[in-house]
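Okay, structure first, notes after.
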Amino acid sequence: MEGRLPVLTDHELIAVEPGADSLRLTLRDGAGPVRITTDHVIAATGYRPDLSRLTFLDEQLAGGIATLDGAPAVDRVFQSSVPGLYFTGPVVASSFGPVMRFVHGCDFAAHRLAQHLTGTVTTGRSLARAAG
């Protein structure tokens, strides 16, 4: 899709008007209203992780978690700044990239976390030697 279709991120849908063979959209971005006429729309509403919305976490515990754009910042094994507290899934997309928003990212996270918890994480040096 990239390079073939326009992708607009960080836009809010304000209004939709049907045309004969098209739609007229009014969107809002940081600069103001944007008007687009199109015949197809693919809308992904997005998910903005926000640690403050995880109300099941104790306030003191949540206050000790370092964040990145509102989401918990995690290291290479998904551990937060609170030792022993791990986060996976869409909430860590800002640390690991958008693949964490999809089922495909679960396999990577599960293996990395399981290796860490069982003490079998390989270091970068071992990986470099194995690859070379």
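For the stretch 75-94, indicate whether the set of residues that are modelled with pLDDT under 80 and not aliphatic (A, V, I, L, M) is non-empty. Walk me through how you get there before you give the answer.
Step one: list which residues in the stretch 75-94 are modelled with pLDDT under 80, which gives 94.
In the following step, the residues that additionally are not aliphatic (A, V, I, L, M) were identified as 94.
Within the stretch 75-94 (the criterion being modelled with pLDDT under 80 and not aliphatic (A, V, I, L, M)), the answer is yes, since at least one residue qualifies.
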- Item | Single condition V103 does not satisfy, out of (1) of a type in the set (V, I, T); (2) over 21 Å from L5 (Cα atoms); (3) modelled with pLDDT of 85 or more | (3)
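This table checks each residue for (1) surrounded by 13 or more Cβ atoms within 10 Å (Cβ to Cβ); (2) touching a Lys or Arg at 6+ places or on another chain (Cβ under 8 Å); (3) of a type outside the set (F, W, Y).
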residue: P49; (1), (2), (3): yes, no, yes
residue: T55; (1), (2), (3): no, no, yes
residue: E59; (1), (2), (3): no, no, yes
residue: A62; (1), (2), (3): yes, no, yes
residue: A66; (1), (2), (3): no, no, yes
residue: S80; (1), (2), (3): yes, no, yes
residue: G105; (1), (2), (3): yes, no, yes
residue: F108; (1), (2), (3): yes, no, no
residue: R112; (1), (2), (3): yes, yes, yes
- Message: What are the pairs with Cβ atoms under 6 angstrom where one residue, in the stretch 4-17, is under 15 Å from T37 (Cβ atoms) and among the acidic types (D, E) and the other, located anywhere, is modelled with pLDDT of 85 or more and surrounded by 10 or more Cβ atoms within 10 Å (Cβ to Cβ)? Sequence gap at least six, or different chains.
- Response: E17/R24
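Output the residue which, of all residues in the stretch 66-98 that are β-branched (V, I, T) and assigned to a loop (DSSP other than H, G, I, E, B), is nearest to R48 (Cα to Cα). Full working, then the answer.
Initially, the stretch 66-98 is screened for residues β-branched (V, I, T), giving 67, 74, 77, 82, 88, 91-92.
Retained after the next criterion (residues that are assigned to a loop (DSSP other than H, G, I, E, B)): 74, 77, 82, 88.
Numbers: V74: 16, V77: 22, V82: 22, T88: 14 Å.
Here the residue is T88.
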- Message: Looking at the stretch 60-73, can you tell me whether even one residue there is at pLDDT below 90 and more than 21 Å from the chain's Cα centre (by Cα)?
- Response: no
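The values are calculated or read from the model by the stated rules, or taken from the named source; none is laboratory data. Quick caveat: nothing in here was measured; it's all calculated off a predicted structure. A quick note on method: Cβ atoms are made from the backbone with ideal geometry, for glycine too, and the neighbour counts reach across all protein chains shown.
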